[in-house]
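What follows is a short report on a single structure.
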Amino acid sequence: MARIAVIAGDGIGVEVTAAALEVLRATGVKHGVPLDIEELDYGAERYLRDGTTMPAGEIDRFRREIDAIFLGAVGDPRIPDMRHARDILLATRFELDLYVNFRPVRCLSDALCPLKRKTAADIDFVVFRENTEGAYVGMGGNFKKGTPDEVATNEDVNTRKGVERIVRAAFAYAVEHGRRRVCMADKSNALRFAHDLWQRVFTEVKKDYPQIETRHLFIDALAMELIRGPEAFDVIVTNNMFGDIITDLGAALQGGMGLAASANINPSEALRRPSRPNGIGLFEPVHGSAPDIAGKGVANPLAAIQTVALMLENLGYEGAAKDIARAVQTVVNAGVFTPDLGGSATTAKTRDRVLAALG
């Protein structure tokens with residue numbers, strides 16, 4: 001039984017999550033995947049109604065009872081400080097120690113490839129973004145705030161444990177999935193202490209994987225090379241902030257945010273919970289809540305649907321995951337594109353075409 005908690009979130013998150021759940025349920029029936037889906041009322045509307053973001057004890061319950069969490073998108077202009085989004089997304093990542101943010105970047109059609117003299121076949125790599133350290137941990141503060149002499153700081157936190165486990169996860173993935181190359185990106189020429197740690201750990205860990213070709217690039221050089229020659233990359237591993245930036249570039253390479261899926265996972269959890277092949281995970285389409293198009297029925301559900309495939313793969317249902325990927329490819333090949341991809345298809349039409357391709 002796959003026990004899945006669903007948080008649809010805000011804006012178009014509600015719409016694309018509904019479409020993705022229809023695909024999930026249909027796939028479950030077709031492949032005999034037993035599903036226990038719990039839809040939770042967390043998001044901007046709930047917060048504005050009674051102040052609830054993530055109830056006390058809820059993440060501990062996830063840890064005990066849930067195999068995967070699906071999150072649609074969070075963000076609402078009525079909550080400018082995004083408190084509810086932080087409590088739902090970042091708290092879950094940190095408290096469940098989901099140290100791998102896994103982002104596949106694969107272009108599905110030449111029509112979606114934005115690069116001259118490149119084709120869809122040239123864009124097929126994955127990014128391992130460190131997900132629990134770096135500049136996003138919230139360490140820092142303000143001195144003399146609001147005055148001409150104000151000082152503001154944010155600390156970039158890097159631990160040996162955190163760096164080594166994400167680097168090892170990237171190499172392990174490369175070996176398991178037949179990827180030949182791992183590239184590590186940092187800015188150690190400027191960040192001499194924090195990113196020297198990344199350099200030393202990468203140098204040590206790669207000795208355990210002599211069959212893998214390795215490469216180091218400064219993050220600005222990586223951004224350039226991804227545009228010049230994306231076919232040179234198989235697996236990229238980097239820190240939290242750089243990973244956040246470079247994966248948005250990756251989303252553009254594959255055709256746009258409406259196609260980008262992600263998984264937040266802790267592979268080490270599998271050692272403690274053998275029933276979970278890759279541990280509990282939080283799965284989310286990469287795009288935001290897009291309040292400007294919410295309710296218009298034009299949001300692209302393919303990122304959410306591909307996120308469902310990632311979730312099923314993580315749960316050990318690889319056949320079902322591949323079937324969804326095949327159905328999405330069929331729909332893209334047919335040119336069924338929502339407005340973000342230059343077409344006129346609606347959310348419902350795209351969903352229906354995926355369901356039809358699933359059979």
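Since every read-out is calculated from the coordinates, none of them should be taken as a lab result. Note that the structure is predicted; figures quoted are calculated from it, not measured. We place every Cβ from the backbone using ideal geometry, glycine too, and count neighbours over all the protein chains shown.
Things to note:
- Long-range HN-HN contacts of Val237 with modeled amide H, under 5 Å: Phe128, Cys183, Met184, Ala185
- The chain: most fluctuating residue of Gly178, Gly134, Gly229 per GNM, C-alpha cutoff 10 Å: Gly178
- About its Cα centre, region 124-253 has a charge dipole of approximately 320 debye under the convention of +1 per Lys or Arg Cβ and -1 per Asp or Glu Cβ, with nothing else charged.
- Adding -39500 (n - 2.57) for every DSSP H run of four residues or longer, then dividing by how many residues the chain holds, sets the calculated 222 nm ellipticity at -12000 deg cm²/dmol.
- Percent RCO, i.e. relative contact order, over the chain, from Cα pairs under 8 Å lying at least 6 residues apart: 22
- Karplus-derived 3J(HN,Hα) values for region 237-251, using 6.51 cos²θ - 1.76 cosθ + 1.60 with θ = phi - 60°, are 10, 7, 7, 4, 5, 5, x, 4, 6, 5, 6, 5, 4, x, 4 Hz; glycine and proline are entered as x.
- Each of Gly319, Ile66, Val6 was placed along the dipole of the chain (beta-carbon charges, centred on the mean Cα), and the one lying farthest toward the positive end is Gly319.
- Counting only Cβ charges, +1 for Lys and Arg and -1 for Asp and Glu, the dipole size of region 26-66 around its Cα centre is about 140 debye.
- Alpha carbon centroid spacing (whole Å) that separates region 335-353 from region 116-156: 33
- In a reduced charge model with +1 at each Lys and Arg Cβ and -1 at each Asp and Glu Cβ, the chain shows a dipole moment near 740 debye about its Cα centre.
- Cut-off 13 Å between beta-carbons: net charge of the residues surrounding Val16, Lys and Arg +1, Asp and Glu -1: -3
- Choice from Gln306, Gln211, Gln329 showing the highest fluctuation, given a GNM over the chain with Cα pairs closer than 10 Å: Gln211
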